[in-house]
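**Student:** Below you will find the structure I want to go over with you.
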Amino acid sequence: MLAQAVTQRGALRGCPRAAAARGRWLGGAAGAVPPAVPPAVPAAVPAVPRPFDQVPGEWRAGWLSLYRFWQEGGLGTLHLSMARNFQRFGPIYREKLGVYESVNIISPADAATLFQAEGALPERFRVPPWVAYRDFRNKPYGVLLKTGEAWRSDRLLLNQEALAPAAVPAFVPLLSAVGEDFVRRARAQARQSGRGCWTGDFSQELFRFALESVCHVLYGQRLGLLQDFVQPEAQRFIEAVSRMFHTTAPMLYLPPALLRRLRSRTWRQHVQAWDAIFYQADQCIQNVYRDLRLRRRSSREHVGILGNLILRDKLPLDDIRASVTEMMAGGVDTTSMTLQWAMLELARAPGVQEQLRAEVLAAKREAGGDREKMLKSTRLLKAAIKETLRLHPVAVTLQRYTTHEVILQDYRIPPGTLVQVGLYAMGRDPAVFPQPERFRPQRWLAAGPKPFLGLGFGFGPRQCLGRRIAELEMQLFLMHLLENFRIETARAVEIGTKFELILVPDRPIQLSLRPLEGQP
């Protein structure tokens, strides 16, 4: 999901009903966005599209806007600022913060227009500090940062290993084995606690679980991260990924080249974080490459996505290394963060938790414990993950550069414009999702189409390359958890979010895992 973890309201013009529905927004711990006032007279729909310079917003004074942005709370509340701007300007607005300029939209219909016009070589925002690091260290770009035909040729090969239906079944036993180890660790912790449950902030445990899972799929190897003792190298990698995300956000609005010349602390920490990420990935890659050369693995043993790419010999090793490193980095914070939110929502909604448990146990009986068969009949479980991503999207926005002129909300948007779909704002919009503050997975199972509503993993050729891995990882983890534990939260503490390139909790989430009766 690293591909989606990059940055980036109100009343629909001429539609009082939608305007009234948008009158209530959730603002998290930072407070609710004030309701919009419906227009007294519906605005007339123009006969012809309006020019680009009439798009509402604050885009004429980028540096002044950036100064005000920082004064009002800055990067940490970017998602809430976007929600307020949609309230202020309507379903489309134009913005410039420092050197960063975009058009932001919230309507699913506009999202459909944008993505249906993206063409065969779509381009999204290339995160400047990530590009700057690779140029600084003379490292090749992976598929996340490549563009044009170079991106397309690499992506088609990687799709066969990570996204193709034929490849996915091989991931199930690998990810399920990691889930089983987490259950064993949780049971041991519950026994040792003396309270009959395992209580605490699970962020580090879930980071370790996520890294163990993604490495098992990428390399066909286990790192032993679910043991009581974790190798220091692995812990440094986890910390480096978090620091990389944290230091990326400030450099979205200021040129990384300037911060590099100034030798700013943010730039130096960013370089150190990526150095650690590439070092750990290189160690794993070298181990796999050595094993393949020495043929230490049996022909029936899964060699991972990396091993398959090396054996197929269709990509240069440097290109393989760059893309696999990106997938490894993106497989830690993004999935582990979603699982934290899912556990919290299930703890707060015990009725939904019991419904999910009943579905999982029924699927287990019918499938005889076969995880692949269970996945086919646990629709509510999959809906719960989609609902979690609606309320707590990893990425604030989903972006595309327009390849030709498109019409959004009756405005002409010229080629080469960065357009962002406000995922957080859309997920909290009552005109799109009735009762958006409620965790209600059943909304995804209702009859009828739901086009361009579930965009947590992106859309089209540029969707998240690790999507299938992440979905399976989260589904299997929750299966194991629901079979064995009741998820509880002791305190009704309001948990907000803050923006650090991805959305993270603004305080630790305290949870308890209590073994079910009859479970050892």
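**Student:** Just name the residue that is nearest to the chain's Cα centre (by Cα) out of those in segment 411-439 that are crowded, with 17+ Cβ neighbours inside 10 Å, in a loop (DSSP other than H, G, I, E, B) and not β-branched (Val, Ile, Thr).
**Tutor:** ARG428
**Student:** Is it fair to say VAL406 is closer than 20 Å to GLN87 by Cβ, of a type in the set (A, V, I, L, M) and out of contact with any Cys (no Cβ under 7 Å at 6 or more places or on another chain)?
**Tutor:** Taking the combined requirement at face value, the residue does not satisfy it.
**Student:** Is at least one residue of segment 369-386 under 30 Å from THR147 (Cα atoms) and within 20 Å of the chain's Cα centre (by Cα)?
**Tutor:** yes
**Student:** Okay, next question. Criterion first (of a type in the set (Gly, Ala, Ser) and in contact with a helix residue (DSSP H, G or I) (Cβ under 6 Å, 6 or more places away or on another chain)) does GLY179 satisfy it?
**Tutor:** Judged against the criteria, GLY179 is a match.
**Student:** Tell me the residue from ARG84, ARG88 that is farther than 22 Å from LEU503 by Cα, surrounded by 16 or more Cβ atoms within 10 Å (Cβ to Cβ) and of a type outside the set (Phe, Trp, Tyr), please.
**Tutor:** The unique qualifying residue is ARG88.
**Student:** In segment 183-230, how many residues are outside any loop (DSSP other than H, G, I, E, B) and closer than 25 Å to GLU326 by Cα?
**Tutor:** Final tally of qualifying residues: 17.
**Student:** Filtering segment 143-178 down to residues that are under 22 Å from LEU472 (Cβ atoms) and in a loop (DSSP other than H, G, I, E, B), which residue is farthest from the chain's Cα centre (by Cα)?
**Tutor:** Per the criteria, the residue is ALA166.
**Student:** Still on this structure, I have one more. Is it fair to say MET343 is closer than 30 Å to THR388 by Cβ and either surrounded by fewer than 22 Cβ atoms within 10 Å (Cβ to Cβ) or touching a Gly at 6+ places or on another chain (Cβ under 6 Å) (or both)?
**Tutor:** No.
**Student:** Tally up the residues in segment 483-507 that are farther than 18 Å from ALA349 by Cα and touching a Gly at 6+ places or on another chain (Cβ under 7 Å), please.
**Tutor:** 4
**Student:** Could you look through segment 377-410, keep only residues that are among the β-branched types (Val, Ile, Thr) and under 16 Å from GLN340 (Cβ atoms), and pick out the one that is surrounded by the fewest Cβ atoms within 10 Å (Cβ to Cβ)?
**Tutor:** The extreme case among them is ILE385.
**Student:** Could you tell me which residue of segment 440-486 is surrounded by the fewest Cβ atoms within 10 Å (Cβ to Cβ), considering only residues that are within 30 Å of LEU156 (Cα to Cα) and of a type in the set (Gly, Ala, Ser)?
**Tutor:** Checked segment 440-486; the qualifying residue surrounded by the fewest Cβ atoms within 10 Å (Cβ to Cβ) is GLY460.
**Student:** Right, next: Within segment 436-454, work out how many residues are hydrophobic (A, V, I, L, M, F, W, C) and in contact with a Phe, Trp or Tyr (Cβ under 9 Å, 6 or more places away or on another chain).
**Tutor:** Count: 2.
**Student:** Identify, please: which residue in segment 499-520 is more than 18 Å from VAL332 (Cα to Cα) and modelled with pLDDT under 90 and is, among those, surrounded by the most Cβ atoms within 10 Å (Cβ to Cβ)?
**Tutor:** Only one residue fits best here, namely GLN519.
The values are calculated or read from the model by the stated rules, or taken from the named source; none is laboratory data. Computed from a predicted structure; not experimentally measured. For neighbour counting, all protein chains shown are included, and Cβ atoms are generated from backbone atoms with ideal geometry for every residue, glycine included.
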